[in-house]
Amino acid sequence: MPFPSPRPGRLSTRSARRKYSQTGNRITPGRLGAVRTSFQAVGVGALGLAVGIGATLAVNGLRGGGDPVASVQRLDLPATPAATAPAGREGADEARPVVAGTARAAVQRFLEATAREDFTGAYRLLDEAGRKRYPSAARWTRAQADRTVITGVRVGAARPAGRHTMNVTVELTHPPAIDPFAGLVPARTVEVWPARSEDGGWRVAADPVSVRADLPSDLRAPAVVTAWVQRLIGCDREGAADLQAGTDLYGPADLAEAPCKQRGRWTVAAPQRFDAAVEPETYVAAFGPEVGSWARLVPIQGPGTSFHVVVGPLGDAWRVLGTDPAQQTR
């Protein structure tokens, strides 16, 4: 499933770099789909925690359509921002657009400038349509507050995309986070940026035509949930918090307390898509409707309780966001 594309609100931004932290709470009734869970128990230790995955689970996360990622070239970014123009020169400098010799070079220079927050430098590489949309470097710079922070750029192949246009595939890295105000910031995205031939060279569009989050494999989620439940069985809430996206959890609080209180066998099953959630409203309210494309449900079964653990991708790992009941609670 492709990650939603440009741009404000699709990922956390320079103006919303807040760490995930939100108190858990109960949510309004509203069942989305039936829950179908198959457990396969395997004994673990005296308390009998088990993981049952069953047949091989083929998941592509958010890798959208299975298209291969273009081969890439590593680009090292300067550690410090470019020097700003002297006073009185900004107006003249920003009015002087520049071009690059190839589509790949244009996109490389544009994104490298953005990564080091040289927004005037990036503005000079905007294509004609972008400069009409943002008539000045000042307006372009203000718009960057609503865009995702870039920490690294790798440029891949350029492919024809119409008259005088090439689409350039890039892999961008970002500071990973799960932000309750803006949603998910994946550690990596694969994006396609159009470059257009203008004035004897190449310039770059203001936005990519597609953005895809590169997420950890779904198959890694049960191991994290297993470790989380094991710590809760031992009533080690502090240890369990190390496997969470934040200190507090979303969803019914009593479900997370069950492993500490109910002695016996606990099993963990294969992950499911978030659209199988019974009560998704709290997560949608916190992270927006896009939570359905990146969150996963991991069903667990205890001696007297069954529920879903909701996990989200944080960098290259899955982390617990909260709980979801296995059946309607109200």
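The values are calculated or read from the model by the stated rules, or taken from the named source; none is laboratory data. Treat the numbers as computed from the prediction; the structure is a model and nothing was measured. Heads up, the Cβs are rebuilt from the backbone with ideal geometry, glycines too, and the neighbour counts pull from every protein chain shown.
Residue count for the range 148-173 under the criterion of being under 25 Å from the mean Cα position of the chain (by Cα) and either free of Cβ contacts under 8 Å to residues at least 40 places away in the same chain or surrounded by fewer than 18 Cβ atoms within 10 Å (Cβ to Cβ) (or both): the result is 5. Scanning the range 245-283 for residues that are under 20 Å from ASP218 (Cβ atoms) and among the hydrophobic types (A, V, I, L, M, F, W, C) returns ALA245, VAL268, ALA269, ALA270, PHE274, ALA276, ALA277, VAL278.
Candidates are the residues of the range 93-138 that are within 24 Å of the chain's Cα centre (by Cα) and under 16 Å from MET166 (Cβ atoms); the one that is surrounded by the most Cβ atoms within 10 Å (Cβ to Cβ) is VAL107. Just give me the residues in the range 209-242 being more than 17 Å from the chain's Cα centre (by Cα) and outside any helix (DSSP H, G or I), in sequence order. Passing the criteria: VAL209, GLY234, CYS235, ASP236, ASP242.
You will find that of ASP199, ASP207, the residue that is charged (D, E, K, R) and modelled with pLDDT under 95 is ASP199 and no other. Listed by position, the strands (runs of 3 or more DSSP E) contained in the range 243-330 that have at least 1 residues being small (Gly, Ala, Ser) and more than 19 Å from VAL229 (Cβ to Cβ) form an empty set. For the range 245-264, filtered to residues that are small (Gly, Ala, Ser) and more than 14 Å from HIS308 (Cβ to Cβ), the residue that is surrounded by the fewest Cβ atoms within 10 Å (Cβ to Cβ) is GLY264.
Residue by residue, here is whether (1) surrounded by fewer than 23 Cβ atoms within 10 Å (Cβ to Cβ); (2) free of Cβ contacts under 8 Å to residues at least 12 places away in the same chain; (3) of a type outside the set (Phe, Trp, Tyr) holds:
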site: VAL185; (1), (2), (3): no, no, yes
site: SER197; (1), (2), (3): yes, no, yes
site: GLY201; (1), (2), (3): yes, no, yes
site: SER210; (1), (2), (3): yes, no, yes
site: PRO216; (1), (2), (3): yes, no, yes
site: LEU219; (1), (2), (3): yes, no, yes
site: TRP228; (1), (2), (3): no, no, no
site: ASP236; (1), (2), (3): yes, yes, yes
site: ALA240; (1), (2), (3): yes, no, yes
